[in-house]
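In what follows, a single structure is set out as structure tokens and then discussed.
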Amino acid sequence: MQIEDYVFRIMDNNVRMQEVLGEYNWNVDMRLGTIAFKRKSGAVIATCPVQLVGSEANGTWLWAWANKESNPPADLLVAVGKLKENGTEAHFQITEEFPLPSETFGHEMAILCAGLSGSYGTFRCPFSGGALYVVVESFPKARNLPFNPNRTTQAVMAAISTFTVTDHRLAWEAFPVGERLEVSFDDQNRIKNIQMTLSPENLPTEKPSLLGRLFGKRNG
């Protein structure tokens, strides 16, 4: 179990989601097991099934399966259950609650949960003093966007600049669209160059901060 197995795919999908969402509000309904994204006007952009991963607050991490206060339904804990099972085998940190190891820990655990469960992407749901991390099981509007080499390259570069991706080559080989771009590596298996061809429709019309859009805080 390693982040290299999933990180490029999930990050690419997360960028696709942000492309569809633009400016939005969100709401998680644990009873329905969904997250709804809406325009500020109230118009629904998408309603997607979710799995719960865990939450961070006051410098502490709490797994969703250990959240006795929220008492989430068992069917929303399938993905994190897979991580717990694999974590036990790998001697991973499965203590119910512990000091947050890093600023990106929640994102990394969500990526692992999404990968292990074959889900589409991840989402950070900020609240006052912390955030809930969820797995987005499917997002058809994002999945149906055409391949864009510029988008994919941004996602890959954001992944390796944000997370500890030790073996870039291994991560690239696990990425389904990797074959559509040419990549060269150095002698430590780090990405040295990505070759792509941009057609006019692929060129970005604005220059938003990708890291800000993926990891920044938004009001729910």
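The values are calculated or read from the model by the stated rules, or taken from the named source; none is laboratory data. This one's a predicted model, so the numbers in the text were calculated from it and none came from an experiment. Reconstructed Cβ throughout: ideal geometry from the backbone, glycine too, with neighbour counts over all protein chains shown. The area values use the complete protein model at the heavy-atom level, side chains included, leaving out ligands, DNA and RNA. Shrake-Rupley method; radii C 1.70, N 1.55, O 1.52, S 1.80 Å.
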#### Entry: Residue list for segment 64-91, filter: farther than 18 Å from Gly129 by Cβ and hydrophobic (A, V, I, L, M, F, W, C)
Trp65, Ala66, Ala74, Leu76, Leu77, Val78, Ala79, Val80, Leu83, Ala90
### Task
Please indicate, with yes or no, whether at least one residue in segment 121-131 is open to solvent by 60 Å² or more (accessible area, probe 1.4 Å), of a type in the set (Phe, Trp, Tyr) and within 27 Å of Thr95 (Cβ to Cβ).
yes
#### Entry: Pairs where the first residue, in segment 128-149, is outside any loop (DSSP other than H, G, I, E, B) and the second is open to solvent by less than 40 Å² (accessible area, probe 1.4 Å) and among the acidic types (Asp, Glu), C-beta under 6 Å, 6+ apart
Gly130/Glu56; Ala131/Glu56
### Message
Condition first: within 19 Å of the chain's Cα centre (by Cα) and at pLDDT 95 or above. Can you find one or more residues in segment 204-213 that meet it?
### Response
no
### Message
Can you say whether Ser102 is modelled with pLDDT of 95 or more and open to solvent by 20 Å² or more (accessible area, probe 1.4 Å), as far as the supplied structure shows?
### Response
no
### Query
Of the numbered conditions (1) modelled with pLDDT under 90; (2) of a type in the set (A, V, I, L, M, F, W, C); (3) open to solvent by 60 Å² or more (accessible area, probe 1.4 Å), Val78 satisfies every one except a single condition; which is it?
(1)
### Task
Could you tell me whether any residue of segment 83-97 is touching a Ser or Thr at 6+ places or on another chain (Cβ under 6 Å), closer than 29 Å to Val183 by Cβ and open to solvent by less than 60 Å² (accessible area, probe 1.4 Å)?
no
### Query
Only one of (1) over 12 Å from Phe8 (Cα atoms); (2) in a helix (DSSP H, G or I) fails for Glu103. Which number is that?
(2)
